[in-house]
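Heads up, the thing below is written out as structure tokens.
The values are calculated or read from the model by the stated rules, or taken from the named source; none is laboratory data. None of these values were measured; they are calculated from a predicted model. Reconstructed Cβ throughout: ideal geometry from the backbone, glycine too, with neighbour counts over all protein chains shown. Side chains included, ligands, DNA and RNA excluded: accessible areas come from the protein's heavy atoms. Shrake-Rupley method; radii C 1.70, N 1.55, O 1.52, S 1.80 Å.
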Amino acid sequence: MAWQDYIIPAREINNLRCGRKACYNLPMHRVVPEIIVENYKAGHFRGEFPAVGMFLDLSGFSAMTDTLMQHGQHGAEVLAGLMHGVFDPLVESIFEYGGKIVSFAGDGIMALYPIDADEKTLALRALTSAWLIQQRMKEHPDRQTVYGKFTFSIKIGLSIGAVSWGILRAEDGKQATYYFRGTAVDGSADAEHRANAGEIILTDTFRELLNDALETSPLDSFHRFDGLRAKLPDPRSDIFLPVDPGTSSIFMPEEVVVHDVRGEFRQIVNLFMRVPDLPDTKLEQFVRIIFELREEYGGLLSRVDFGDKGCNVLILWGAPVAYENDIGRALDFILDLQARVDFPITTGITYYIAHAGYLGSEKCEEYTCYGWGVNLASRFMMGAPLGATWVDERIARRLSTRFNAEYVGSQKFKGFSAKQKVFELKSRSDVEDVIYHGALVGREEELEALKKFAEPLWQGTFAGVLLVMGDAGIGKGRLVHEFQFSELFEVHRALWAVCQSDQIFRKSFNPLRRWLFRYFGFSTSHSPEQRKDLFDAKIGALLASILIQTCNKNWNGHNPSLARL
């Protein structure tokens, strides 16, 4: 299938609106590739084409981010300006020679050059683009700021092969993401891994195609590009129509598509996970589960990536929207996700200050978070045993009694001078009780009121409903805890159903549902048949207990007719 066969001509946008907010005069960000936007609008959700793949890795941003974050919001503004100063010419060089940027991966760019005519000509254009990028970076490797000088370098890998793409939608169609994969993607990422700073590495297939037009030197099964013999092709300009916020907001949050803040430093939970190379149908099912869990736990998902780390997904908590319990949301998310699939998910999770903002240029950009935290989460993901979840020390220190984690040890990771402490997330904790220290003072009257309220229960009648009200922190939980463990319940046995609400969950009856899960011993990993067996066993035991208590009372003369049973 040719490139033109499935790319739909762009249409003018008559009315730019985002939901209920007018978007006129607000910055509009092109955060979704045009190929994805146009095919989504046309109802095309899958395709393939031959292409040259280029993977570009930019070094120097992590150190720069670490330095500038020490200078607060002004540091963030300086960083945003640097990002545009560095990325603008890179993006321009890609588009000028027929490339399409399909993803920004941390400090890297994945670009595809669709082969719509002579593949040799297109390969030469892609190589010219890569060569110009390296030349421009070598001419200006340094960027001077009020906070010092920062130096950058680039590594590039080029490959040629097949590309398949897909749009993955939620069950209700209100959310979607996308992916690109194939030999052009994998080959370019593999070639980039062999490169040193300032080098362009070619796959064997790419080098054979342009053998008479370039000079190379061997590098294992790859080739280092040394120079061009052919004349450089002329650049061409692309026409970009206005951003379609309606369609773009299906792939990214509206506040990302329409946003007037270039960047800021935030505390970010970075969750990097890798999964096996799933076939399209199973990949679509997996992403639908992710969308379902995001409805409960939130998180920012950009796309599904294929390349140097296999099939992986990055989800962020803390930007563009942050909550006090972002760590708990991320841990709940991954535990539920792992329980709902039948293949291993290997995960790294970190909690760091990061720069949240736009990476790229006005022609193509991505809202993401970058810094040491994302890098370390990626290293954790690649270093963890299959199916394990590694978390950093910052998360381990903030784990509530709701989660269990074990210390793995201190390990050395690429890009980090000091060893990093590693913990493995094991499960949710069954510990629900809050431990209070010291004696309760000054609540005798309230305790007596609670005891009096419960008296009808001991006569077998309904006591009604009691509401304990008060300002936050006044001691409502401590009062109820003291009542629950008072001497009254040493005399009278009672079953306590502690059904706590949680701002993460948005489903009806969730407090009751969580308690019932604990009462019946259900786990998210149990099948419906296993849950039914546990339910029947628990109900059977409960009925037997009630029958025994009833018979005991009847033997004591409460109901002679029943006692004879």
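Extending 7 Å from Cα along the Cβ direction at A322 and again at T67 yields two label points whose distance is 2.4 nm.
A helix-only calculation puts the chain at -11500 deg cm²/dmol for mean residue ellipticity at 222 nm, using -39500 (n - 2.57) for each DSSP H run of at least four residues, averaged over all residues. Averaged per residue, segment 211-319 has 42 square angstrom of accessible surface, using a 1.4 angstrom probe with ligands and nucleic acids left out. With 10 Å bins beginning at zero, the pair-distance distribution over Cα atoms of the chain amounts to 3, 15, 23, 22, 15, 9, 6, 4, 2, 1, 0 %. The H on the amide N of C311, modeled in the peptide plane, is under 5 Å from the matching H of V275, each at least 5 residues off or on a different chain. Coupling constants for segment 182-190 follow from the phi torsions by the Karplus curve (6.51 cos²θ - 1.76 cosθ + 1.60, θ = phi - 60°), and in residue order they are x, 5, 5, 6, 5, x, 5, 5, 5 Hz; glycine and proline get x. The length gained on full extension between K363 and Q135, counted as 0.36 nm times the residue separation minus their Cα-Cα distance, comes to 79.9 nm.
Shown is the FRET efficiency for E119 and T401, computed with R0 = 56 Å from the Cβ-Cβ distance and rounded to the nearest 0.05: 0.40.
Across the cross-link table entries K452/K538; K282/K532; K100/K231, which are compared at the Cα atoms, the separations over 25 Å belong to K452/K538; K282/K532. Label-to-label distance for Y147 and R229 is 4.9 nm, based on points extended 7 Å past Cα in the beta-carbon direction.
Residue order by solvent-accessible surface for E255, E445, E424 is E445, E255, E424, largest first, with ligands and nucleic acids left out and a 1.4 Å probe.
Surface composition of the chain: carbon and sulfur make up 52 percent of the accessible area, probe 1.4 Å. The local environment of A463, defined by Cβ-Cβ distances under 13 Å, has a net charge of +1 under the rule Lys, Arg +1 and Asp, Glu -1. Relative to one another, the C-alpha centroids of segment 382-426 and segment 123-195 are positioned 29 Å apart. Roughly what angle does helix 326-339 make with the longest principal axis of the chain, taking Cα atoms, 0 to 90 degrees, to the nearest 10? The helix 326-339 is inclined about 90 degrees to the chain.
The simple spin-label model puts a point 7 Å past each Cα toward its Cβ; for L278 and D88 those points are separated by 4.1 nm.
Consider a paramagnetic label point 7 Å from the Cα of R428 along Cα→Cβ; state which residues of segment 338-353 have an amide N under 13 Å from it. Output list for this probe position: 338-340. Within segment 280-399, the proportion of C-alpha pairs whose separation exceeds 25 Å stands at 21%. Taking amide H as placed 1.01 Å from N in the peptide plane, the amide H of Y323 sits under 5 Å from that of G318, each at least 5 places away or on another chain.
Computed from Cα positions, the angle between helix 119-139 and the longest principal axis of the chain comes to roughly 80 degrees. Sorting 198-206, 462-470 by average packing, meaning the other beta carbons within 10 Å per residue, from highest down gives 198-206, 462-470. Across all Cα pairs in segment 126-205, the calculated P(r) in 5 Å bins from zero up to the longest distance comes to 3, 13, 16, 15, 13, 11, 11, 9, 7, 2, 0 percent per bin.
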